[in-house]
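> One structure follows; several queries about it will come next.
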Amino acid sequence: MSVYQCPKGHESIESDYCSECGAKINGGAAVEAKSPPVRVATATINCPDCATPHEEDSGNFCEICGYNFVTGASGEIPIPKVIASQIASSNPDAGTINAGATRVSATSTSPTATGTPKLLITVDRTLGCEGSPEPPAFAPLTFPLEQPSTLIGRTSDVRAIYPDLALDLDDAISHRHAVIHRQPDGALILRDIGSTNGTFLNGIEVVPMTDISLKNGDEITLGHWTKLTVNVTQS
């Protein structure tokens, strides 16, 4: 459809008088009609290592486990130390357990919303094996699983890895150890994402890169002596 320029600046569909204001158009040249912008949908794929949803135009690496969608390589993303130090300086809580979340005593009332699933974090010295260091003095903590995906691991300033649940007290835990997905219906899914020393659920080692459903009371053990007990009660 041809569009004509009105002397007052309007775009008219009539060639003699402006269809907007009625002003006479003296030999106005037709101008190209403007088309509305085309919105292109962004494709979302799931990471093959940790199953986290990833938008194709948001980069080549999985935000959770570091999977390279271009090369297919698993593992951590090396980042220049100068950049990592800048990230670390902007994240003063990195390196502490519960990095980025409220530190809550296991004996206190949690401030999180009713029904939010939680992990009770404890140190069980009976889990240690020959060669394990003496566990630190550690008061139990609770960690609310409020995000769709929670990365469990240890902080690495060099690689700029800051897990949602940073268990830096246990050096046998990988920097990117496991991930817990919270499904829309509230169900919890555990996946070991290629940890060095493995992840155990109720005493049985889970197969890496495999989704395991979690239920109330399940015990996840990892590292030397770290235990995470699942609490999905409504109280």
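Laboratory data are not the source of any read-out in this text; all were calculated from the coordinates shown. Bear in mind the structure is a predicted one, so any value in this text is a computation, not a measurement. Here the Cβ positions follow ideal geometry from the backbone for every residue, glycine too, while neighbour counts run over all protein chains shown.
> Considering only the stretch 194-203, I want to know if a residue exists there that is over 20 Å from residue 49 (Cβ atoms) and touching a Phe, Trp or Tyr at 6+ places or on another chain (Cβ under 6 Å).
no
> If you go through the stretch 139-184, how many residues are touching a His at 6+ places or on another chain (Cβ under 8 Å), of a type in the set (D, E, K, R) and under 16 Å from residue 198 (Cα atoms)?
3
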